[in-house]
Amino acid sequence: MIGLKLTQIATGFLLFAASLSGFANEKTITILTQQDVFNDYQQFIAGRDPITLTQYGGTGSRRDVVELVLVQQALKAGGNSYPVKIVKVDNTSDSYSRYIKEITSGTATMGGNSAWFIDLKQINDKVFISEPSIRQGEFEAGLYTTADNADARLSKTLPQIQALTAVVAESWLPDVATLEGIKFKHVLKTQSWDSMVGMLGKKRADVLLAPFQPTADLSMEAGGRKLVPISNVKVGLQGSRHFFVSKASPIGKEVAQSLNLGLAKLREQGTIEKVYRDSGFFNQATRNWNRLN
């Protein structure tokens with residue numbers, strides 16, 4: 001989820017690869033995202049042109065969704081003239097790793113959602129890494145639990161929180177490091193966001209890390225369940241997040257240049273901060289909450 005809210009694979013990937021085959025020899029920028037993000041993006045866009053948007057809140061809005069808008073606006077601002085197409089990978093057991101692998105292979109031109117620099121630096125021979133969209137120190141998250149988990153919701157002190165059981169996808173390295181740094185008594189590791197949510201529902205775990213949401217009570221719907229953050233508590237994740245472009249793409253270098261130029265312009269204009277603020281990721285409601293680390 002922090003890594004990306006990403007959620008099996010063999011059939012899904014084959015369908016995905018087939019869907020891209022028509023673009024293999026064309027100068028089209030294919031921007032990859034996950035099934036759940038794509039669905040929410042369609043709901044959020046609702047037929048509008050993403051390039052013209054100036055407000056980034058509303059139905060379907062969340063960090064992953066508005067990042068799809070942000071990369072398109074950055075490419076445009078950077079002078080890109082190639083057509084753009086959003087493509088998706090169906091749900092997988094470890095979709096964050098799959099997401100990165102499909103970019104490095106050149107199956108798609110670039111990712112539509114940011115990734116941690118700690119992950120990208122390991123593959124910098126295969127991808128162009130953009131300037132940060134989320135800078136060091138800017139990523140804050142809540143400890144989300146199910147609405148009916150009274151023990152978790154009533155936890156206030158650090159010892160009370162440490163006594164809870166946290167769950168995380170093992171490939172989400174900054175999330176793992178953050179939870180272990182807080183010294184939870186139990187940190188369970190699984191493969192995917194869906195599995196994490198399922199473990200909360202089955203009461204095998206109490207909390208997971210998730211970005212704050214733009215809803216009035218900061219809640220989210222996941223796996224048919226309502227998740228809410230423990231009030232007045234937040235955590236910071238170390239590291240920066242970046243977009244990335246495949247070096248295997250014949251237009252990858254051009255795309256990366258346009259992306260970076262556009263991101264610089266949007267940063268100067270205040271658009272990047274507004275995108276994340278409107279989506280609830282930079283959340284004013286939690287500004288004065290107690291940060292555990």
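The values are calculated or read from the model by the stated rules, or taken from the named source; none is laboratory data. Keep in mind it's a predicted model, so treat the numbers as computed, not measured. Counting neighbours? That spans all protein chains shown, and the Cβs are built from the backbone with ideal geometry, glycine included. To get the accessible areas, we keep the full protein, side chains included, count just its heavy atoms, and leave off ligands, DNA and RNA. Shrake-Rupley method; radii C 1.70, N 1.55, O 1.52, S 1.80 Å.
Hey, among SER240, SER246, SER231, which residue is open to solvent by less than 60 Å² (accessible area, probe 1.4 Å) and either among the aromatic types (Phe, Trp, Tyr) or over 19 Å from the mean Cα position of the chain (by Cα) (or both)?
SER231
Within region 135-159, how many residues turn out to be crowded, with 21+ Cβ neighbours inside 10 Å and within 30 Å of GLY111 (Cα to Cα)?
The total comes to 6.
Among the residues of region 24-43, which ones are in a helix (DSSP H, G or I) and either closer than 21 Å to SER105 by Cβ or open to solvent by less than 10 Å² (accessible area, probe 1.4 Å) (or both)?
GLN35, VAL37, PHE38
Would you pick out the residues in region 48-65 that are at pLDDT below 95 and either out of contact with any Phe, Trp or Tyr (no Cβ under 6 Å at 6 or more places or on another chain) or of a type in the set (Val, Ile, Thr) (or both)?
Hits for region 48-65 are GLY57, GLY58, THR59, ARG62, ASP64.
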